[in-house]
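J.: Pasting a structure below so you can have a look.
The values are calculated or read from the model by the stated rules, or taken from the named source; none is laboratory data. Remember, predicted model here, so these are calculated numbers, not experimental data. No Cβ is skipped: glycine too gets one built from the backbone with ideal geometry, and neighbour counts run over all protein chains shown. These area figures cover heavy atoms from the full protein model, side chains too; ligands, DNA and RNA do not enter into them. Shrake-Rupley method; radii C 1.70, N 1.55, O 1.52, S 1.80 Å.
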Amino acid sequence: MTPDDKKKCVEVWAMFTNEKTKPEDWNEDAANTLAIMVAEIRKCSKAMNFVPRPSGSRPGYGWIVKYAYKILKERYSSKQPLLYEVCIRASYSHKRAVNIALQMGE
């Protein structure tokens, strides 16, 4: 891994965990596990966009049309993917695996 790659891993790790690491702590195993963790978070968040939000009453066709429209609008107009906190928290097993790989060193 290049020093620049390691710095990027530090930044990505901090974004998702609020934990600080040093670039020299990162190795390929830790970076690969981090990549899997981020992919899983994005996959989970994408699926969460399809979970119906409570409507307060029995939904009718109008709710379906508005909800489907909202999903499509968010999907195709958003430049930044929406990541859900529950998906980040669900990635605990990956977070643990990254921590183990960081301790193993190069």
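J.: Taking region 1-54, which trypsin sites (Lys or Arg not before Pro) meet the DSSP loop condition and have no more than 10 other C-beta atoms within 10 Å?
T.: Passing both the DSSP loop test and the Cβ count: LYS20.
J.: For ASP29 and ARG96 in the same chain, what is the full-extension length gain: residue separation times 0.36 nm, less their Cα-Cα distance, in nm?
T.: Computed gain between ASP29 and ARG96 is 22.9 nm.
J.: Which value, in Å² rounded to 10, gives the accessible area of GLU85 with a 1.4 Å probe and all protein chains present?
T.: For GLU85, the solvent-accessible surface is approximately 100 Å².
J.: On to the next question. State, to one decimal in nm, how far the label point of LYS43 lies from the label point of ARG89, with both points 7 Å from Cα in the Cβ direction.
T.: About 2.2 nm separates the two model spin labels.
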